[in-house]
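See structure below.
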Amino acid sequence: ERVDSEEEKDDLLDMLLKARYEDGTPMSRKQLIDEVMILFTAGHETTANVLSFTLFLLAKHPEAQEKVYQEVKNVDFLGSGRMTIFENLSFTKQCIEEAMRLYPPVYVIDRVSLEDDTVSGRDFKKRTIWLMSMYELHRHPDFWEEPAKFLPERFNPKNKKDYSEYYFPFGAGPRMCIGNNFAMYEMIITVSTLIKKYRLSSSLKEITLNPLISLKPKRVPLTFQER
């Protein structure tokens, strides 16, 4: 319908419809559908899943939840200076970072070798497909102290280690998630707003994972008690 319409709209779909390759040809209908599906999956589902995991972890760790509340209770999210408030929400950010360590939304990353290579004495041909488990890496005892525990303080800028070689919630390299900064902004706002208004709890003892395109929980029952 949008392809056949001559009406112009200022949105992402309109940008995709107007995009042209170097030879001047537009995207095929199949590629347009693929691009839209990627936008829905990468820009919506992953964020929603991280929020589900983060809220559950805060519900099960009331001391961390209270610390978030003390950090956000006097913050005016609708004020004119809302873009500058994030430097004062460091612990809230740490909770989200720790949730993404325990439950990385993109739990497996794939790459393709651009040329023949040798790694650890083994030869790999060009176009070899590599699959790397972020879930295993983020919980590996060689890199993390008490890897199964929810410890947001490990990401405190004042005392955190350099995790750049084994912490990849948004991927890495030139194909790193282009929306990582927006996603963090969105998640900090959401978590802060909810914790400011509600006290969370959950009767669920442990999350059951449902690893599909992204890592998601099967169900996360939460109780919201107004403060």
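The values are calculated or read from the model by the stated rules, or taken from the named source; none is laboratory data. Computed from a prediction, not measured in an experiment: that's the story for all the values here. Because the Cβ atoms are built from the backbone with ideal geometry, glycine has one as well, and the counts that use them run over all protein chains shown.
Before moving on, here are some points about what is shown:
- Taking residues in region 103-117 that are free of Cβ contacts under 8 Å to residues at least 24 places away in the same chain, and partners anywhere that are acidic (Asp, Glu), the pairs with Cβ atoms closer than 8 Å and at least 6 places apart or on different chains are 116/123; 117/123.
- The lone criterion from (1) surrounded by fewer than 18 Cβ atoms within 10 Å (Cβ to Cβ); (2) outside any helix (DSSP H, G or I) left unmet by residue 105 is number (1).
- Any hit, region 23-34, residues being outside any loop (DSSP other than H, G, I, E, B), in contact with a strand residue (DSSP E or B) (Cβ under 7 Å, 6 or more places away or on another chain) and either under 25 Å from residue 222 (Cβ atoms) or at pLDDT 80 or above (or both): yes
To keep it simple, each residue is scored yes or no on (1) touching a strand residue (DSSP E or B) at 6+ places or on another chain (Cβ under 6 Å); (2) assigned to a loop (DSSP other than H, G, I, E, B).
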{"position": "78", "(1), (2)": "no, yes"}
{"position": "92", "(1), (2)": "no, no"}
{"position": "111", "(1), (2)": "yes, no"}
{"position": "114", "(1), (2)": "no, yes"}
{"position": "118", "(1), (2)": "no, no"}
{"position": "135", "(1), (2)": "no, no"}
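- Of the criteria (1) in contact with a Lys or Arg (Cβ under 7 Å, 6 or more places away or on another chain); (2) at pLDDT below 95, which one residue 119 fails: (1)
- Residue 219 being more than 21 Å from residue 141 (Cα to Cα) and in contact with a Lys or Arg (Cβ under 8 Å, 6 or more places away or on another chain): no
- Just one of the listed residues (143, 182) is exposed (fewer than 15 other Cβ atoms within 10 Å of the Cβ), not basic (Lys, Arg) and not in a loop (DSSP other than H, G, I, E, B), and it is 182.
- Of all residues in region 170-208, those being of a type in the set (Gly, Ala, Ser) and under 13 Å from residue 54 (Cβ atoms) number 3.
- Unmet requirement for residue 126, which otherwise passes all of (1) touching a Gly at 6+ places or on another chain (Cβ under 6 Å); (2) in a loop (DSSP other than H, G, I, E, B): (1)
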